[in-house]
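Q: A single structure is presented below for examination.
The values are calculated or read from the model by the stated rules, or taken from the named source; none is laboratory data. In this text, all values refer to a predicted model and were calculated from it rather than measured experimentally. Here the Cβ positions follow ideal geometry from the backbone for every residue, glycine too, while neighbour counts run over all protein chains shown. The accessibility values were calculated without ligands, DNA or RNA, using every heavy atom of the protein model including side chains. Shrake-Rupley method; radii C 1.70, N 1.55, O 1.52, S 1.80 Å.
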Amino acid sequence: MTARNMIRLVGTVAALWAALGAASAEVSTVRLAKQFGISYLPLTVMEEEGLLEKQAKARGLDIKAEWLRFTGGSGMNEALLSGNLDLAAGGVGPFLTIWGRTQTNIKVKGVAALNAMPLWLVTVNPDVKSIKDFGPKDKIALPTVKTSIQAITLQMAAEQAFGAGQQGKLDPLTVSMGHPDAQTAMLGGRSEITAHFGAPPFQELELKDPRARKVLDSFDVMGGPHTFNLVWASGRFVTANPKVTAAFLAALEDSLKLIRDDPNRAAALWIKAEGAKLSQEEAVAIIRAPQNEWTTAPKRMLDYLGYMNRAGLVSAKASAESELFFPASDTGAPKEAAR
């Protein structure tokens, strides 16, 4: 073989490898996580209707969505950092924690918000009328101590109730527990759990028990509606998978549209998928409740970040919520969907 032919062969092989690399650049399996509760309805609808796969196919991709379940945000963050998860979904607290930790390396940012919802602290202790009444015999269950959105909101409420420097006053009473187990433990009356800082639909179901009462509403703590759940990913994943990311955002918009246009169908999908102990009417009532917004627009996330900065939980700062999310140009989102 002549030198010229060898050069041509090498060039052809290189071109083939480049083409194969370009064709396989994006992942074929997308690993997504969600937690328990109707607040993850947009992701449940996406999973049950195969919306991500449909949007990916429209972009020339043949992918498989692998859905994982976690009981708290800290476990998802560990999976994301170890490379075992692509898209995490959870509360503002865990997101801001990993956002702050990774701005000098893998640069985790938000992909999109899922909703704005109030979180209620419910107790069965008849002596507790406000958070000032909790005593050493009380135990408050929440997804993850210190870092879940419930834990952060409780700290902010403690600071408001007891004064500056007292944000951790109730932390010794908190216990990490998934929402289903927390509900069972509190209402069962056979454990030390006397309160649950939960989420829909667990908080609504708990208040059906005549012993239960709401002692705190996160909207009151935050001064109005705030983002509850959102989806986040590493900059590495978004950069390497622009079509997959765009497909996810398009699938999310499809899911949110279905929820808004046909809450009955969305409720039926969720009840079947989760084996939920709610009636169709109860689920629809939660979906359509005026205080519950199904939106990708972030709300009051900077208020959470400001507290976490002040409390020394997160050192990184932001002056606008857009700094917490990937730009629309990175995710493939249309300009009108940019935050």
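Q: Is it true that L230 is in contact with a strand residue (DSSP E or B) (Cβ under 7 Å, 6 or more places away or on another chain), surrounded by fewer than 18 Cβ atoms within 10 Å (Cβ to Cβ) and aliphatic (A, V, I, L, M)?
A: For L230, the condition - in contact with a strand residue (DSSP E or B) (Cβ under 7 Å, 6 or more places away or on another chain), surrounded by fewer than 18 Cβ atoms within 10 Å (Cβ to Cβ) and aliphatic (A, V, I, L, M) - is not met.
Q: Go through the range 233-256 and give me each residue that's under 19 Å from the mean Cα position of the chain (by Cα) and not aliphatic (A, V, I, L, M).
A: Passing the criteria: S234, G235, F237, T245, F248, E253, D254, S255.
Q: Only one of these conditions is not met by P327: (1) modelled with pLDDT under 95; (2) crowded, with 17+ Cβ neighbours inside 10 Å. Which number is it?
A: Every listed condition holds for P327 apart from (2).
Q: Could you list, in sequence order, all residues of the range 140-156 that are over 17 Å from P118 (Cα atoms) and at pLDDT below 95?
A: T144, V145, K146, T147
Q: Quickly run through the range 182-210 and pick out the residues that are touching a residue at least 60 places away in the same chain (Cβ under 8 Å) and surrounded by fewer than 21 Cβ atoms within 10 Å (Cβ to Cβ).
A: Of everything in the range 182-210, those that are touching a residue at least 60 places away in the same chain (Cβ under 8 Å) and surrounded by fewer than 21 Cβ atoms within 10 Å (Cβ to Cβ) turn out to be L187, G189, E204, L205, L207, D209.
Here is a yes/no grid of residues against (1) modelled with pLDDT under 95; (2) open to solvent by 30 Å² or more (accessible area, probe 1.4 Å); (3) touching a strand residue (DSSP E or B) at 6+ places or on another chain (Cβ under 7 Å):
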{"residue": "D127", "(1), (2), (3)": "no, yes, no"}
{"residue": "D133", "(1), (2), (3)": "no, yes, no"}
{"residue": "D138", "(1), (2), (3)": "no, no, yes"}
{"residue": "A158", "(1), (2), (3)": "no, no, no"}
{"residue": "F162", "(1), (2), (3)": "no, yes, no"}
{"residue": "Q167", "(1), (2), (3)": "no, yes, no"}
{"residue": "A212", "(1), (2), (3)": "no, no, yes"}
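Q: Let me ask another. Could you tell me how many of the residues in the range 214-223 are open to solvent by 10 Å² or more (accessible area, probe 1.4 Å) and of a type in the set (G, A, S)?
A: Count: 1.
Q: Given the criterion outside any helix (DSSP H, G or I), open to solvent by less than 50 Å² (accessible area, probe 1.4 Å) and free of Cβ contacts under 8 Å to residues at least 12 places away in the same chain, identify the matching residue among G90, G83.
A: G83
Q: So, one more: Could you please find all residues in the range 289-332 being at positive phi, over 20 Å from the mean Cα position of the chain (by Cα) and in contact (Cβ under 8 Å) with a residue 12 or more places away in the chain?
A: If the condition is that a residue be at positive phi, over 20 Å from the mean Cα position of the chain (by Cα) and in contact (Cβ under 8 Å) with a residue 12 or more places away in the chain, then G332 is the only one that fits.
Q: Just give me the residues in the range 100-124 being open to solvent by less than 10 Å² (accessible area, probe 1.4 Å) and outside any strand (DSSP E or B), in sequence order.
A: Once the filter is applied, which keeps residues that are open to solvent by less than 10 Å² (accessible area, probe 1.4 Å) and outside any strand (DSSP E or B), the range 100-124 yields T102, V108, L114, N115, M117, P118, L119.
Q: Could I ask something else about it? So, in the range 51-80, how many residues would count as being assigned to a loop (DSSP other than H, G, I, E, B), farther than 15 Å from E26 by Cβ and small (G, A, S)?
A: Counting residues in the range 51-80 that are assigned to a loop (DSSP other than H, G, I, E, B), farther than 15 Å from E26 by Cβ and small (G, A, S) gives 1.
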